[in-house]
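One structure is given below, encoded as C-alpha cells.
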Amino acid sequence: MQRRGFLLLAFLSLLALTSAVAKKKDKVKKGGPGSECAEWTWGPCTPSSKDCGVGFREGTCGGQTQRIRCRVPCNWKKEFGADCKYKFESWGACDGGTGTKARQGTLKKARYNAQCQETIRVTKPCSPKTKAKAKAKKGKGKD
C-alpha cells in the first residue's frame, strides 16, 4: 500500500513539474520579438567596444523597441557588412597595372532586413610571386 502511495505521489510531482516548465516556456515565447508585432525592423550589430566583438542589435516595431545580443567577427572588415552574405566566384587574374585581382559576389542572404547590394565586386592585392629555388637544399648526407 505504501509503495502505491509513493508511486502516486511521484507521478503527481512529475506532472506538476512538467506543467510549470510548459507555462514558463509560454511566457518566454509571448515576450519575444515578433509576438505582438508582425514586422520587426532590425538595425546593424553595433559592437560594445572597438569595431568588433559582442554588441547589441536594436529592433523596432510600432512603438516597441528591443535590443538583442549579437557578435561582429573581428576578422570582418568588409564594407558591405556582416549581415549581407554573398556567394563569390573564384579570384580573377592579376591586373599588372593596378597590382590587384578581383572577384564578384551575388547576394545569397540578407539577415535582419539589411539593405544589401545584389552584386558586389571586391579586390585584393596580388600575391608576390614566389621565386623558384634554383639551388638544392643542403641536407644531411654523404659528400
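The set of residues from the stretch 95-132 being open to solvent by less than 50 Å² (accessible area, probe 1.4 Å) and in contact (Cβ under 8 Å) with a residue 40 or more places away in the chain comprises Ala114, Ile120, Val122.
Of the residues Asp95, Asp143, the single one that is modelled with pLDDT of 90 or more and more than 16 Å from the chain's Cα centre (by Cα) is Asp95.
When we screen Thr41, Thr46 for residues that are in contact with a Lys or Arg (Cβ under 8 Å, 6 or more places away or on another chain), of a type in the set (S, T, N, Q), within 24 Å of Cys84 (Cβ to Cβ) and modelled with pLDDT of 80 or more, the only hit is Thr46. In the stretch 78-94, the residues that are more than 10 Å from Val122 (Cβ to Cβ) and open to solvent by less than 80 Å² (accessible area, probe 1.4 Å) reach residues that are aromatic (Phe, Trp, Tyr) and at pLDDT below 75 with C-beta atoms within less than 9 angstrom, at least six apart or across chains, in these pairs: Ala82/Trp76. Scanning the stretch 87-127 for residues that are part of a strand (DSSP E or B) and among the polar types (S, T, N, Q) turns up Thr100, Gln104, Thr106, Thr119, Thr123.
The values are calculated or read from the model by the stated rules, or taken from the named source; none is laboratory data. Nothing here was measured: the structure is a model prediction, and the numbers come from that model. When we count neighbours, we look across all protein chains shown, and the Cβ atoms used for this are built from the backbone with ideal geometry, even at glycine. We work out accessible area using only protein heavy atoms, side chains counted, and drop any ligands, DNA or RNA first. Shrake-Rupley method; radii C 1.70, N 1.55, O 1.52, S 1.80 Å.
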